[in-house]
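**Student:** Starting off with a structure, shown below.
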Amino acid sequence: MSNSVNERFSGHESFVCRYGWLPKVFKAVVADPGLLRNDERAMAALGIGRNMVKSIQFWGEATGVLLPAGSVGHLPGPVGALLFDEKDGLDPYLESIESLWLIHWQLCVTAGLAAWKEVFAEGGLIRFDRQRLVAALARRGEANARPLAASTLEQHASIFVQTYYQEERGADDTSWCPLQDLGLLRATKEEDGKVMFSADPRSPVGLTLRVFGIALVQFIRQKGEGTQSVDFNNILRGAGSPGLVFRLDEHQLRVFIENLCNTMFAGALRFVDTADTQSVVLNPEQLDPQFRLQAAEEAYPHV
């Protein structure tokens with residue numbers, strides 16, 4: 001797989017994105033855009049320690065819940081505005097699994113996180129143990145100007161696994177990551193005691209047409225403006241595609257696209273299926289605006 005000097009291997013401060021963090025930091029930043037620029041004020045407002053402040057900022061930006069805004073501090077990001085807006089938010093308390101699929105998509109395709117790109121956005125690893133994941137991350141890190149420490153690679157791999165898988169979770173445990181509910185990583189123990197993780201395609205429980213549509217539009221429109229035609233196989237297995245990120249097989253992808261063509265995307269999306277070609281054609285001018293993540297500047301011009 002290709003390496004990139006822009007990929008990120010750290011910044012999470014050894015914490016996964018914990019339950020309740022994203023709605024909390026979104027509301028706090030709407031009330032005080034400069035909050036995260038002052039550790040002491042952020043610690044008091046959010047009720048967390050200094051390292052957690054850095055981590056909650058990292059995850060807020062990586063998921064698109066927050067948008068860095070220079071001297072202002074932060075603006076509501078497109079995902080935060082869609083989900084948590086006080087007036088029009090779809091899921092103010094992050095209770096819907098639909099929202100988790102959208103956050104998963106953002107982490108895989110826009111955050112530049114090396115492990116997420118290796119496993120989900122590029123499909124480089126389907127079945128692996130921690131050692132193999134660390135080795136894959138080390139190869140990706142070879143493009144960095146400065147060599148990555150083994151501890152950095154191991155921590156990044158650990159945070160990735162903990163984001164999607166936790167063996168046991170107590171009823172009152174708030175340290176778990178809600179993305180574990182997607183069931184994207186499964187673990188089995190080999191005869192030698194080694195734990196193997198599997199990220200193979202399976203039925204994406206809770207993935208809605210709305211979130212799939214948002215992802216499909218984002219994937220297609222990265223190729224440019226205007227009417228775009230994209231090969232079906234590229235949507236299925238292309239790097240950063242909905243097929244790979246959502247772990248869809250060919251039948252599942254076809255069903256999602258056909259349902260979009262017949263409902264929410266009627267007039268804006270066509271599925272061309274002939275003996276010679278299979279492609280998807282998007283006409284953005286006919287697209288309902290709800291399927292384009294709104295820019296924070298447009299949603300909150302007063303900030």
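The values are calculated or read from the model by the stated rules, or taken from the named source; none is laboratory data. Computed from a predicted structure; not experimentally measured. So basically every Cβ, Gly included, is an ideal-geometry build from the backbone, and we count neighbours across all protein chains shown.
**Student:** What are the residue pairs meeting all of these: first residue in the range 260-279, first residue among the hydroxyl-bearing types (S, T, Y), second residue not in a loop (DSSP other than H, G, I, E, B), Cβ atoms under 7 Å, and 6 or more apart or on different chains?
**Tutor:** So the pair list comes out as T263/L209; S279/S229; S279/V230; S279/D231; S279/F232; S279/V272.
**Student:** Further, regarding this structure: Looking for something assigned to a helix (DSSP H, G or I), buried (at least 20 other Cβ atoms within 10 Å of the Cβ), under 14 Å from the mean Cα position of the chain (by Cα) and among the aliphatic types (A, V, I, L, M) - is there at least one such residue anywhere in the range 133-149?
**Tutor:** The answer is no, given that none of the residues of the range 133-149 is assigned to a helix (DSSP H, G or I), buried (at least 20 other Cβ atoms within 10 Å of the Cβ), under 14 Å from the mean Cα position of the chain (by Cα) and among the aliphatic types (A, V, I, L, M).
**Student:** Do we find a residue being of a type in the set (A, V, I, L, M, F, W, C) and within 22 Å of F120 (Cβ to Cβ) anywhere in the range 88-99?
**Tutor:** yes
**Student:** Also, I was wondering about something else. Pick out the one residue from L244, L216, L260, L248 that is buried (at least 16 other Cβ atoms within 10 Å of the Cβ), under 23 Å from K117 (Cβ atoms) and either in contact with a Gly (Cβ under 8 Å, 6 or more places away or on another chain) or modelled with pLDDT under 95 (or both).
**Tutor:** L244
**Student:** Name every residue in the range 81-114 that is of a type in the set (A, V, I, L, M) and over 14 Å from L184 (Cα atoms), in order of residue number.
**Tutor:** A81, L82, L83, L90, L94, V109, A111, L113, A114, listed by residue number.
**Student:** Now for a separate question. Can you find, within the range 46-84, the residue that is nearest to the chain's Cα centre (by Cα) among those that are under 22 Å from S14 (Cβ atoms), hydrophobic (A, V, I, L, M, F, W, C) and in a helix (DSSP H, G or I)?
**Tutor:** That would be A62.
**Student:** Please pick out the residue among L113, L102 that is surrounded by 21 or more Cβ atoms within 10 Å (Cβ to Cβ) and touching a Phe, Trp or Tyr at 6+ places or on another chain (Cβ under 9 Å).
**Tutor:** L113
**Student:** I need the full set of residues from the range 9-40 which are more than 20 Å from H74 (Cα to Cα) and touching a Leu at 6+ places or on another chain (Cβ under 9 Å), in order please.
**Tutor:** Correct list: F9, S10, V16, Y19.
**Student:** Just checking, how many residues over the range 270-293 are surrounded by 15 or more Cβ atoms within 10 Å (Cβ to Cβ) and hydroxyl-bearing (S, T, Y)?
**Tutor:** Of the residues in that region, 1 qualify.
**Student:** If you take the residues in the range 8-50 that are basic (K, R) and touching an Asp or Glu at 6+ places or on another chain (Cβ under 9 Å), which one is modelled with the lowest pLDDT?
**Tutor:** Applying the filter and picking the extreme gives R50.
**Student:** Right, next: If you take the residues in the range 226-259 that are of a type in the set (D, E) and in contact (Cβ under 8 Å) with a residue 40 or more places away in the chain, which one is nearest to T208 (Cα to Cα)?
**Tutor:** Ranking the qualifying residues of the range 226-259, first place goes to D249.
**Student:** Please find, within the range 186-208, the residue that is surrounded by the fewest Cβ atoms within 10 Å (Cβ to Cβ) out of those that are part of a loop (DSSP other than H, G, I, E, B) and touching an Asp or Glu at 6+ places or on another chain (Cβ under 7 Å).
**Tutor:** The selected residue is K194.
**Student:** Right, next: Restricting to the range 93-110, name every residue that is within 20 Å of L36 (Cβ to Cβ) and at pLDDT 95 or above.
**Tutor:** L94, I103, Q106, L107, listed by residue number.
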